[in-house]
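Student: Below is the structure I would like to discuss, written out as structure tokens.
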Amino acid sequence: MDFNKIINENKSHIKSIIRSITGEENEDLEQDVSLKIWKNSQKYEEKGSLKSWISTIVRNTSLDYIKSSYRKTSLNSTSDDYIVTNIQDSKESPENKVINLERRKKIIQAIDKLKPKFKQVIMICEIQGYSYEECAKKLRCPLGTVKSRIYNAKKELSIELQDLL
């Protein structure tokens, strides 16, 4: 398995998943993902597609990042050392960051509450960035079924996330 080729071919896919989950460009996460792909490349089994294996690594790494960021922002430390080491140059205010993290957390929880067949198509199409056609091939079901599941999943999400709309 040629590591550089894998990373280069999937770079934009990795970036788009990170951006969709975290809401930001994050080169540190991209590097973490690359490192995890490299470390776990021997564990990859060719049962599924390489792209979905990579997508799973990116998704899990991004979600871990969100969870750790949430914990960091919820700490109530006023230590000067803590403040100095955690100053970030950002366009977004700390309050907005916390609000956005809470919003993402609610969205993730709402997706997790979906029926498995709905969650599956949302993850493949909306999070991993596959087209409906690619999703249908991957799930070995008709395109109409994928579209119907996406519609129903979004309908359930809109009800669950009504307070965010």
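Student: Filter segment 1-36 for residues that are in a loop (DSSP other than H, G, I, E, B) and not small (Gly, Ala, Ser) and give the result.
Tutor: Met1, Asp2, Glu24, Glu25, Asn26
Student: Quick one: in segment 12-49, of everything that is surrounded by 13 or more Cβ atoms within 10 Å (Cβ to Cβ) and free of Cβ contacts under 8 Å to residues at least 24 places away in the same chain, which residue is nearest to Lys138 (Cα to Cα)?
Tutor: The selected residue is Lys15.
Student: While we're looking at this one, here's another question. Give the residues of segment 125-157 that are modelled with pLDDT of 90 or more and under 23 Å from Asn100 (Cα atoms), sorted by residue number.
Tutor: Within segment 125-157, Ala153, Lys154, Lys155, Glu156, Leu157 qualify.
Student: Under 8 Å between Cβ atoms, at least 6 apart or on separate chains: pull out the pairs that start in segment 93-116 with a residue that is closer than 15 Å to Gly23 by Cα and end on any residue that is surrounded by fewer than 11 Cβ atoms within 10 Å (Cβ to Cβ).
Tutor: The qualifying pairs are Lys97/Ser90; Val98/Ser74.
Student: Restricting to segment 8-23, what's the tally of residues that are on the phi < 0 side of the Ramachandran plot and out of contact with any Asp or Glu (no Cβ under 9 Å at 6 or more places or on another chain)?
Tutor: First, the residues of segment 8-23 that are on the phi < 0 side of the Ramachandran plot: 8-22.
Narrowing further to those that are out of contact with any Asp or Glu (no Cβ under 9 Å at 6 or more places or on another chain): 8-10, 12-13, 16-17, 21-22.
Number satisfying all stated conditions: 9.
The values are calculated or read from the model by the stated rules, or taken from the named source; none is laboratory data. Note that the structure is predicted; figures quoted are calculated from it, not measured. Here Cβ is always computed from backbone atoms with ideal geometry, including for glycine, and neighbour counts include all displayed protein chains.
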